[in-house]
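Chemist: Below: one structure in C-alpha cells.
The values are calculated or read from the model by the stated rules, or taken from the named source; none is laboratory data. These figures come from a predicted structure and were not determined experimentally. Note: ideal-geometry Cβ built from the backbone for every residue, glycine included; neighbour counts use all protein chains shown.
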Amino acid sequence: MYVRHSLKFGKEITIIHPGEYYVSEDDEFIGTLLGSCVAVCLFDEEKSIAGMNHFMLPGKISGNDIFSDRSARYGITAINKLIESMKQNGASGKDLAAKIFGGGHVMSAGGESVTIPDENVKLARVMMEIEDIPIKDQDVGGNFTRKLLMDVKTGKVYLKKTDKTEILKTVNERDRQFAKRSFKK
C-alpha cells in the first residue's frame, strides 16, 4: 500500500505506486515515480484537498476491465476512483483542476505507431473533458522518467525529469514486476 516518509521540508510524504491513488487534506506531499505510466493530480483550491493516481494501462470500457479492477491499474478505474474519493473527502466537482504527468516512452515500442503511453495520456485528457475538469498543467511524453511531489495544501507539483539509463532500468523493472503480479491474479 502507501509508504510514508519524513522529508527534509518538514512535511510527511506519501508515496503511491502503480495501481494506487491517494487523497488528502493534510499538510503533506503525495509522490510517485513515473515511466510509461500516467499520474493525474487533482486539486480543490477552495478546500485544499488534493489527490493523485498512478495508472499503467488505459483500459477498455467493459465489465471485465472496469468492474474487476480493484487496484486502479487501468486509467478509467483510477481516474473514476480518484474523483470519487476527492468528492468523498469534501472536494467539489466544480472546483477541481487537473495536472497530468507521465506517458514517457521509456520501454521499447516495438515499432507501433500508437503506444500505451500515448493511449494513457489520451485517456487522461478525455476523462478530464468528460468530467468537465480543466487541465491546468501537463508534462507528458518524451523519453523521460518523472519524479513527482504534490503539495496537498497548495496543489503545486514539483517535477524532476531524467533520462538516465539507470533510472529507466529501475522503472522498467518495477513496472514489469508489478504487471506480472497484477495479471497473475
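Chemist: For segment 65-81, check the following and say yes or no: at least one residue is under 19 Å from Leu96 (Cα atoms), assigned to a strand (DSSP E or B) and modelled with pLDDT of 75 or more.
Modeler: To start, the set of residues in segment 65-81 that are under 19 Å from Leu96 (Cα atoms) comprises 75-81.
Narrowing further to those that are assigned to a strand (DSSP E or B): none.
The answer is no, given that none of the residues of segment 65-81 is under 19 Å from Leu96 (Cα atoms), assigned to a strand (DSSP E or B) and modelled with pLDDT of 75 or more.
Chemist: Test Val106 against the stated conditions and say whether it is within 17 Å of Thr32 (Cα to Cα), touching a helix residue (DSSP H, G or I) at 6+ places or on another chain (Cβ under 6 Å), β-branched (Val, Ile, Thr) and modelled with pLDDT under 95.
Modeler: On the way: within 17 Å of Thr32 (Cα to Cα): yes; touching a helix residue (DSSP H, G or I) at 6+ places or on another chain (Cβ under 6 Å): yes; β-branched (Val, Ile, Thr): yes; modelled with pLDDT under 95: yes.
So Val106 passes the test.
Chemist: Looking at (1) modelled with pLDDT of 95 or more; (2) crowded, with 23+ Cβ neighbours inside 10 Å; (3) farther than 25 Å from Asp163 by Cβ; (4) not basic (Lys, Arg), which one does Asn53 not meet, given that it meets all the others?
Modeler: Going through (1) modelled with pLDDT of 95 or more; (2) crowded, with 23+ Cβ neighbours inside 10 Å; (3) farther than 25 Å from Asp163 by Cβ; (4) not basic (Lys, Arg) one by one, Asn53 breaks only (3).
Chemist: Anything in segment 134-168 that is at pLDDT 85 or above, out of contact with any helix residue (DSSP H, G or I) (no Cβ under 8 Å at 6 or more places or on another chain) and hydrophobic (A, V, I, L, M, F, W, C)? List them, or say none.
Modeler: Result: Phe144, Leu148, Leu149, Met150, Val152, Val157, Leu159.
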